[in-house]
Amino acid sequence: MLSFKDISDIDMIKKFLEKNSIKESFSPKGLFFGAFDDGNLFGTTQIVLEDGKAYIQYVFIDKEYRGQGLGNAMVLSLIHI
């Protein structure tokens, strides 16, 4: 079952980024959200809150999950929070 939810486990995020060879730097002001398939993290994004505005920064999806519109679905779920 697919789900999108906030992630407070920084180690989980770091493992996901390392697994996917992602070396981006993230804002300390950001909130992380993940895409899960039966509890397994397959995508992540960060929302940055700054100057009274929210920005969606980075959307990363595992290679085997790409091409299915899941990155778009994750962003849309964040917009509708």
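General remarks:
- Across the chain, the mean sequence separation of Cα contacts (distance under 8 Å, 6 or more residues apart), normalised by length, yields a relative contact order of 24 percent.
- For a straight C-alpha distance cut-off of 25 angstrom, the lysines reachable from Lys15 (same-chain residues fewer than eight places away being disregarded) are Lys5, Lys23, Lys29, Lys63.
- Of the solvent-accessible surface of the chain, computed with a 1.4 Å probe and all protein chains present, 52% belongs to carbon and sulfur.
- Taken over the alpha carbons of the range 1-62 as equal point scatterers, the Debye sum produces base-10 log I(q)/I(0) values at 0.30 Å⁻¹ of -1.43.
- Average 1/r across all pairs of distinct alpha carbons in the range 31-74, invert it, and you get the Kirkwood radius: 11.1 Å.
- Modelled FRET efficiency - R0 22 Å, Leu49 with Lys15, Cβ distances, 0.05 increments: 0.35
- Probing with 1.4 Å while keeping every protein chain in the model, the per residue accessible area of the chain equals 67 Å².
The values are calculated or read from the model by the stated rules, or taken from the named source; none is laboratory data. All values derive from a computational prediction rather than experimental measurement. Backbone-built Cβ (ideal geometry, glycine too); neighbour counts: all protein chains shown. Note: areas computed on protein heavy atoms with side chains; ligands, DNA, RNA excluded. Shrake-Rupley method; radii C 1.70, N 1.55, O 1.52, S 1.80 Å.
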